[in-house]
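The values are calculated or read from the model by the stated rules, or taken from the named source; none is laboratory data. As the structure is a computational prediction, the values presented were derived from the model and not from experiment. Every residue, glycine among them, receives a Cβ derived from its backbone with ideal geometry; neighbour counts consider all protein chains shown. Remember, those area values only see protein heavy atoms, side chains included, never the ligands or the DNA or RNA. Shrake-Rupley method; radii C 1.70, N 1.55, O 1.52, S 1.80 Å.
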Amino acid sequence: EDLQKYANQLPTLMALLEKNQVKMQSSYSTDKEVFLEVRRVGEHSKTLTDTEKAKLKQAIYEAIGVEFPLNITVYTIDEQSGKSGKITAIDEKGRFLVVSSDKFLDQEKKMPDAAWYGMADDAIIEFEGKKIKSDAVQIGSVVKIWSEGSMLMSYPGQTSGLRLQIISEDKGTGDATGKVTGMVTKGEGVNVA
């Protein structure tokens, strides 16, 4: 019971975590210890040293007022494990819809792997080795994107992005050509925001 109480207090320590240059990913307890997963702010591929973990653990103990079995792990993004796809939409919140052209969620290959990525406030967006702002990203760009790890199981999925690397920008050609003769904003198959 005490361990669960301490695990429940961890989300209230956001300011302390930020002071230590980390953000909380998750926390839970078992009957033997409390687990805390964090990620480094702005350096998503880098773990914490043992000294940094010990300093963070001590700061948590001081904030809660008691020492308890605490296991701290660090979430990092791997250089090769990002998801690739094309940005097919950008919503009013600035989230990117990334759709894979070679991964499907069904046997008939009618449902491509797709997810909305709302970029974390410390996310890194880059093109040709240079950091860019999210409003410079264009629909149609081919990207590689890394997430915080958890994904809402909707379709398309929803998650937070930590890094977005633009492989190639869309040059305005789009996927379809022709003359627009009218627009339909209501009806079957039309997404209305």
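Report every pair of residues separated by at least 6 positions or lying on different chains whose Cβ atoms are under 8 Å apart, first residue within the stretch 94-109 and closer than 15 Å to residue 137 by Cβ, second charged (D, E, K, R) and in a strand (DSSP E or B).
Once the first residue is closer than 15 Å to residue 137 by Cβ and sits in the stretch 94-109, its partners that are charged (D, E, K, R) and in a strand (DSSP E or B) give 98/83; 98/86; 99/86; 99/113.
Consider the stretch 124-142. How many of its residues are open to solvent by less than 30 Å² (accessible area, probe 1.4 Å) and in contact with a Ser or Thr (Cβ under 8 Å, 6 or more places away or on another chain)?
3
Only residues that are free of Cβ contacts under 8 Å to residues at least 24 places away in the same chain and outside any helix (DSSP H, G or I): list them for the stretch 16-25, please.
21, 24
Just to check your reading of the model, which residue among 56, 48, 13 is surrounded by 15 or more Cβ atoms within 10 Å (Cβ to Cβ), assigned to a loop (DSSP other than H, G, I, E, B) and modelled with pLDDT of 90 or more? Step through it out loud before you land on a result.
Values: 56 fails: assigned to a loop (DSSP other than H, G, I, E, B); 13 fails: assigned to a loop (DSSP other than H, G, I, E, B).
The unique qualifying residue is 48.
State whether the residues of the stretch 78-86 include one that is in contact (Cβ under 8 Å) with a residue 24 or more places away in the chain, open to solvent by less than 30 Å² (accessible area, probe 1.4 Å) and part of a strand (DSSP E or B).
Here is the first cut: in the stretch 78-86, the ones in contact (Cβ under 8 Å) with a residue 24 or more places away in the chain are 78-79, 81-86.
When the remaining residues are screened for being open to solvent by less than 30 Å² (accessible area, probe 1.4 Å), the result is 82, 85.
Next, from what is left, pick out any that are part of a strand (DSSP E or B): 85.
Looking through the stretch 78-86, at least one residue is in contact (Cβ under 8 Å) with a residue 24 or more places away in the chain, open to solvent by less than 30 Å² (accessible area, probe 1.4 Å) and part of a strand (DSSP E or B).
Please state which one of 62, 37, 33 is open to solvent by 60 Å² or more (accessible area, probe 1.4 Å) and free of Cβ contacts under 8 Å to residues at least 40 places away in the same chain.
Details: 37 fails: open to solvent by 60 Å² or more (accessible area, probe 1.4 Å); 33 fails: open to solvent by 60 Å² or more (accessible area, probe 1.4 Å).
Exactly one residue qualifies, and that residue is 62.
Please determine, by comparing only the residues of the stretch 143-169 that are under 25 Å from residue 25 (Cβ atoms) and aliphatic (A, V, I, L, M), which one is surrounded by the fewest Cβ atoms within 10 Å (Cβ to Cβ). Quick ask: steps written out before the conclusion?
First, the residues of the stretch 143-169 that are under 25 Å from residue 25 (Cβ atoms): 143-165.
Add one more test, that the residue is aliphatic (A, V, I, L, M), and what stays is 143, 145, 151-153, 162, 164.
Details: 143: 24, 145: 24, 151: 15, 152: 11, 153: 7, 162: 24, 164: 24.
For the stretch 143-169, the residue satisfying everything is 153.
Give the residue, chosen from 76, 12, that is out of contact with any Pro (no Cβ under 7 Å at 6 or more places or on another chain) and over 30 Å from residue 155 (Cβ atoms).
On the way: 76 fails: over 30 Å from residue 155 (Cβ atoms).
Within the list 76, 12, the selection yields 12.
Collect the residues in the stretch 129-169 that are in contact with a strand residue (DSSP E or B) (Cβ under 8 Å, 6 or more places away or on another chain), farther than 19 Å from residue 23 by Cα and among the charged types (D, E, K, R), keeping them in residue-number order.
Hits for the stretch 129-169 are 131, 133, 144, 169.
Need the failing condition index for residue 28 against (1) closer than 24 Å to residue 170 by Cβ; (2) part of a strand (DSSP E or B); (3) open to solvent by 60 Å² or more (accessible area, probe 1.4 Å), just the number.
Going through (1) closer than 24 Å to residue 170 by Cβ; (2) part of a strand (DSSP E or B); (3) open to solvent by 60 Å² or more (accessible area, probe 1.4 Å) one by one, residue 28 breaks only (1).
Can you tell which of 166, 139 is at pLDDT 90 or above and either within 23 Å of residue 43 (Cα to Cα) or assigned to a strand (DSSP E or B) (or both)? Quick ask: steps written out before the conclusion?
Details: 139 fails: either within 23 Å of residue 43 (Cα to Cα) or assigned to a strand (DSSP E or B) (or both).
None of the other options fit; the residue is 166.
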